[in-house]
Amino acid sequence: MAARRIMRLAERQARGLRPLPPRPQRIGEWRVTQGWAPSTAGYGPLRDLPDWSFVDGRPAPLWKGQQRRLQENEALARRAVKLSQALDGAIQRGGGSKEGSGPPPLKPKGAQRKPV
């Protein structure tokens with residue numbers, strides 16, 4: 001009995017010394033590490049390109065989801081342009097410039113040493 005307890009204790013201690021395997025990644029994390037979208041419904045050619053086209057080369061009509069995404073992207077682009085123009089107008093009214101405007105330079109602190 002005592003020998004079995006000692007063996008079990010030794011096994012537990014040995015397991016504690018083994019390096020742990022890396023934690024399993026969720027499928028979304030793995031896809032991101034591979035440079036893909038987190039899900040298959042994300043961006044990419046499988047979602048954005050048509051499945052088929054006509055024999056004479058005409059593109060297939062857009063699906064409802066593609067039309068919705070196009071409208072969402074256009075609305076986002078319009079909002080970005082509008083906010084950028086508002087920022088430019090505020091900078092012009094303030095008399096500052098984008099590049100040079102920032103916090104004032106720091107003041108020296110502590111006792112200033114004189115060169116010997």
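Which of the aspartates and glutamates could be linked to Lys82 by a straight reach, that is with a Cα gap under 18 Å, when you skip same-chain ones fewer than 8 residues away?
Glu72, Glu74
Using each residue's phi in the stretch 33-39, evaluate 6.51 cos²θ - 1.76 cosθ + 1.60 at θ = phi - 60° and report the 3J(HN,Hα) Karplus result to the nearest Hz, with x for Gly and Pro.
The phi angles translate into 5, 7, x, 9, 5, x, 9 Hz.
Got a number for carbon plus sulfur as a percent of the stretch 52-95's accessible area, 1.4 Å probe? Present the calculation step by step, with values, prior to reporting the outcome.
Numbers: 2310 of 3930 Å².
About 59 percent, which is the carbon plus sulfur part of the accessible surface.
The values are calculated or read from the model by the stated rules, or taken from the named source; none is laboratory data. Treat the numbers as computed from the prediction; the structure is a model and nothing was measured. We work out accessible area using only protein heavy atoms, side chains counted, and drop any ligands, DNA or RNA first. Shrake-Rupley method; radii C 1.70, N 1.55, O 1.52, S 1.80 Å.
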